[in-house]
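This report concerns only the one structure given below.
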Amino acid sequence: AAISAHAQQGGAVLGVCGGLQMLGEALIDNDGVDGNAAGLGLLPLVTVFEPLKTVCRTTSKFSDSMSDSNHSPWNALAGVEVSGYEIHHGQTSQHDGLACKGIHALAVMPQGLAWQNQEGNVLGIYLHGLFEDTKVLQALFGNGDTRPVPTLDVVFDGLSDFIEKHFA
C-alpha cells in the first residue's frame, strides 16, 4: 500500500526482476512455478510464469525517449547502455484489456526487459546488477559532475575499512 501511494503521488518507484513483475496487474502461474498473485497495478502489465527459467547475461540500451514526462526521475537513463543478468521464470507483456482502453506501458528496452508507466515515475526492469553498472550510476547520481560516482564495490570496501579501523 505504501509503494502504491508513493507512486500515485508521483514518487519514483523502481522494480527489479520480481519487483518488475509485482508492479504489474497480475502474475499468472498455470504450471505451479511461483504461484498466482495480484500485482500492485502500477504498470499495465501481466507476467506469465513458465517452467523454464531465463538465466543469461544481457546487454541492452534504454530507449532514447524514456518518457514524455519532463519530470521523470528516470529520464537520465535515456540512451544509456547497461549490462546485467536475467534470472526469472516469468515473461512480462502489456495487459491486453488495458491496452484496448488506451492504457499502455512504455517499453523502454527491447525484448520486454524494461517498462515505464505513462507518467514516467514507475520503472520496472528485468536486469539484475543495475546499480553495479558505472554508466547507470553516473546517469542517475552524477548530477552532471564529471567525477565518477563510486560503485557498490568501492562503497563496500570503504565500509569494510571503516569497520576494521574503528571496531577492531
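In terms of its alpha-carbon gyration tensor, region 1-137 comes out oblate; a/c meets the 1.5 threshold, while b/c is at least as large as a/b. The apolar share of the surface of the chain, taken as the fraction of accessible area on carbon and sulfur atoms (1.4 Å probe, ligands and nucleic acids excluded), comes to 54 percent. For the chain, what proportion of DSSP beta bridges, expressed in % and rounded to the nearest 5, is antiparallel? So the antiparallel bridges amount to about 75 percent of the total.
A crude spin-label estimate for the pair D34 and C56, with each label 7 Å from Cα along the Cβ direction, gives 1.8 nm.
Note that the chain presents 57 Å² accessible area per residue, ligands and nucleic acids not counted, probe 1.4 Å. Separation of region 1-41 and region 89-162, taken as the distance between their Cα centroids, equals 15 angstrom.
For a straight C-alpha distance cut-off of 20 angstrom, the aspartates and glutamates reachable from K101 (same-chain residues fewer than eight places away being disregarded) are E25, D68, E119. Its Cα gyration tensor gives region 36-85 an equivalent ellipsoid. The semi-axes, each the square root of 5 times an eigenvalue, are 25, 20, 7 Å from largest down.
The alpha-carbon of K61 sits under 19 angstrom from the alpha-carbons of these aspartates and glutamates, leaving out residues fewer than 8 places away in its chain: E81, E86, E132, D133.
Quick one: order D133, D96 from most to least accessible surface, probe 1.4 Å.
D96, D133
Based on C-alpha pairs under 8 angstrom that are at least 6 apart in sequence, the chain has a relative contact order of 22 percent.
Once a ≥ b ≥ c are taken as the square roots of the eigenvalues of the Cα gyration tensor of region 1-49, is the result rounded (a/c under 1.5), prolate (a/b larger than b/c) or oblate (a/b not larger than b/c)? Judged from the Cα gyration tensor, region 1-49 comes out prolate (a/c at least 1.5, a/b above b/c). Rounded to the nearest 5, the antiparallel percentage of DSSP beta bridges internal to region 1-89 is 75%.
The values are calculated or read from the model by the stated rules, or taken from the named source; none is laboratory data. These numbers come from a predicted model, not from an experiment. Backbone-built Cβ (ideal geometry, glycine too); neighbour counts: all protein chains shown. Side chains are part of the model used for accessible areas, which takes the heavy atoms of the whole protein and leaves out ligands, DNA and RNA. Shrake-Rupley method; radii C 1.70, N 1.55, O 1.52, S 1.80 Å.
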